[in-house]
Amino acid sequence: MSEPHVNASQVRILKLMEVLAGHEITGMHLRDAARLAGESASTTCRDLQAAAAAGWVRRVDDVRYALSPRPIQLLTHFLWALEAAKAQIQETEQRYTATPQ
């Protein structure tokens, strides 16, 4: 089977999501994000602008960026689904372990 095509800019942007995580309030300086991502400031700036245009990153000021609410909202949906699954598992467990009448 052939190797899947990997888009380098998409991989860089996903890495930036990880780099920015935890800096939602004050944001992270472009220079620091670039250093932590292992990329140049110009490449990081371009990637952050693309992520911002897609609604995944917000610009805090001229040189600081932070995750937008969007990735956090996705996590919230996952947590809701997880809680629903837990409730369903608990209900099934109770049905199967109930004392027969």
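The values are calculated or read from the model by the stated rules, or taken from the named source; none is laboratory data. Since the structure is predicted, the reported quantities are computational estimates derived from the model, not experimental observations. Every residue, glycine as well, gets a Cβ built from its backbone with ideal geometry; the counts of neighbours run over all protein chains shown.
For the range 1-28, give me the residue count where each residue is within 16 Å of the chain's Cα centre (by Cα) and either under 14 Å from Ile72 (Cβ atoms) or free of Cβ contacts under 8 Å to residues at least 24 places away in the same chain (or both).
Qualifying residue count, the range 1-28: 13.
Would the range 82-99 turn up any residue that is in contact with a Phe, Trp or Tyr (Cβ under 7 Å, 6 or more places away or on another chain) and either among the aromatic types (Phe, Trp, Tyr) or not in a loop (DSSP other than H, G, I, E, B) (or both)?
As a first pass, look at the range 82-99 and keep what is in contact with a Phe, Trp or Tyr (Cβ under 7 Å, 6 or more places away or on another chain): none.
No: zero hits.
Which one of Ala66, Ala50 is in contact (Cβ under 8 Å) with a residue 40 or more places away in the chain, in contact with a His (Cβ under 9 Å, 6 or more places away or on another chain) and of a type in the set (Gly, Ala, Ser)? Spell out how you get there, then give the answer.
Details: Ala50 fails: in contact with a His (Cβ under 9 Å, 6 or more places away or on another chain).
Being in contact (Cβ under 8 Å) with a residue 40 or more places away in the chain, in contact with a His (Cβ under 9 Å, 6 or more places away or on another chain) and of a type in the set (Gly, Ala, Ser) holds for just one of Ala66, Ala50, which is Ala66.
Of the residues in the range 29-71, how many are at positive phi and within 17 Å of the chain's Cα centre (by Cα)?
In the first step, residues of the range 29-71 are kept if they are at positive phi; the result is 38, 55.
With the extra rule that they be within 17 Å of the chain's Cα centre (by Cα), the set shrinks to 55.
Selection size over the range 29-71: 1.
With respect to Leu36, determine if the residue is surrounded by 10 or more Cβ atoms within 10 Å (Cβ to Cβ), part of a helix (DSSP H, G or I) and modelled with pLDDT of 95 or more.
Working: surrounded by 10 or more Cβ atoms within 10 Å (Cβ to Cβ): yes; part of a helix (DSSP H, G or I): yes; modelled with pLDDT of 95 or more: yes.
Against the criterion (surrounded by 10 or more Cβ atoms within 10 Å (Cβ to Cβ), part of a helix (DSSP H, G or I) and modelled with pLDDT of 95 or more), Leu36 qualifies.
Is there a residue being crowded, with 16+ Cβ neighbours inside 10 Å and either of a type in the set (Ser, Thr, Tyr) or in a helix (DSSP H, G or I) (or both) anywhere in the range 54-63?
Taking the range 54-63 as the starting set, the residues that turn out to be crowded, with 16+ Cβ neighbours inside 10 Å are 56-58, 60.
Checking the rest, the ones that are also either of a type in the set (Ser, Thr, Tyr) or in a helix (DSSP H, G or I) (or both) come to none.
Within the range 54-63, none of the residues are crowded, with 16+ Cβ neighbours inside 10 Å and either of a type in the set (Ser, Thr, Tyr) or in a helix (DSSP H, G or I) (or both).
Scan (1) surrounded by 10 or more Cβ atoms within 10 Å (Cβ to Cβ); (2) not in a strand (DSSP E or B) for the single condition Ala66 breaks and write down its number.
The one condition Ala66 does not meet is (2).
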